[in-house]
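Engineer: Shown below is the structure under consideration.
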Amino acid sequence: MDNPLSNFPGYLLRRASKSRMAQLAQHLEPLGVGVSEGSILVLVGRNPGISQAECGRMLSIKRPNLNPIIRRFINRDLIVSTKGQGRIQCLNLSESGKALMERIMAEFEAQEARIYEAVPEHLRDELVPLLRALWWSE
């Protein structure tokens with residue numbers, strides 16, 4: 001059967017993204033986090049003291065969706081929240097959060113390797129620049 005959408009770049013990007021994110025989610029599941037949660041922990045780990053608002057902006061997670069995740073991380077002793085200037089909450093990883101972040105990063109890196117392996121070798125150098133061009137041209 002012919003899929004009339006199979007030559008549309010937008011359709012193909014969505015299908016590829018959905019497939020690879022599902023694959024990553026399977027690898028993160030044993031760690032007790034989803035892709036968004038793992039991304040938050042990595043971002044906080046690489047940017048100690050980042051504000052909750054900046055974390056949400058960088059990952060395109062709206063405040064009402066981010067707040068419960070951060071609360072769960074605080075309750076699980078993965079993130080420590082400290083008061084910054086005014087109403088700003090600064091986020092840092094606890095020791096257990098740092099350990100989990102390292103395991104998440106290893107899964108992220110393994111997933112990136114799987115993605116590159118799926119791309120023909122002669123196209124690999126172009127993959128990230130092409131994706132950035134599509135994303136940053138908004």
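Each reported figure results from applying straightforward, stated rules to the coordinates on display, with no laboratory input. Because the structure is a prediction, the values reported are computed rather than measured. Virtual Cβ from ideal backbone geometry, glycine too; neighbours counted across all protein chains shown.
Engineer: Choose one answer from GLU102, GLU121, GLU112: the residue with the largest mean-square fluctuation in a GNM of the chain with alpha-carbon springs under 10 Å.
Structural biologist: Of GLU102, GLU121, GLU112, the Gaussian network model singles out GLU121 as fluctuating most.
Engineer: At a Förster distance of 30 Å, what's the computed FRET efficiency of ASP77 paired with SER17, Cβ-Cβ distance as r, to 0.05?
Structural biologist: That pair, ASP77 with SER17, gives E of 0.40.
Engineer: Shifting gears a bit: Give me the angle, in degrees from 0 to 90, between the Cα long axis of helix 9-28 and the longest principal axis of the Cα atoms of the chain, rounded to the nearest 10.
Structural biologist: That works out to roughly 50 degrees.
Engineer: Right, next: Could you tell me the calculated FRET efficiency between ASN3 and ASN67, based on Cβ-Cβ distance and R0 = 25 angstrom, to the nearest 0.05?
Structural biologist: That pair, ASN3 with ASN67, gives E of 0.05.
Engineer: Hey, how many Å between the Cα centroid of the stretch 30-61 and the Cα centroid of the stretch 117-138?
Structural biologist: 24 Å
Engineer: How much length would be gained if the chain were fully extended between ASP125 and ALA25, taking 0.36 nm per residue of separation minus their Cα-Cα distance, in nm to one decimal?
Structural biologist: Result: 33.5 nm gained on full extension.
Engineer: Per the helix-only calculation at 222 nm, which mean residue ellipticity applies to the chain, given -39500 (n - 2.57) for every DSSP H run of n ≥ 4 and division by its residues, nearest 500 deg cm²/dmol?
Structural biologist: The helix-only estimate for the chain comes to -21500 deg cm²/dmol at 222 nm.
Engineer: Would you list, by chain and number, the aspartates and glutamates whose Cα falls below 20 Å from the Cα of LYS98, excluding same-chain residues fewer than 8 positions away?
Structural biologist: GLU29, GLU37, GLU54, ASP77, GLU107, GLU109
Engineer: Name the residue, out of PRO64, PRO120, PRO48, whose mean-square fluctuation peaks in a Gaussian network model built on the chain with Cα pairs under 10 Å.
Structural biologist: Ranking PRO64, PRO120, PRO48 by mean-square fluctuation puts PRO120 first.
Engineer: Go through (i) 88; (ii) 117; (iii) 153 and flag the label whose value is the computed volume of the Cα convex hull per residue in Å³ for this structure.
Structural biologist: Among (i) 88; (ii) 117; (iii) 153, the one calculated here is (iii).
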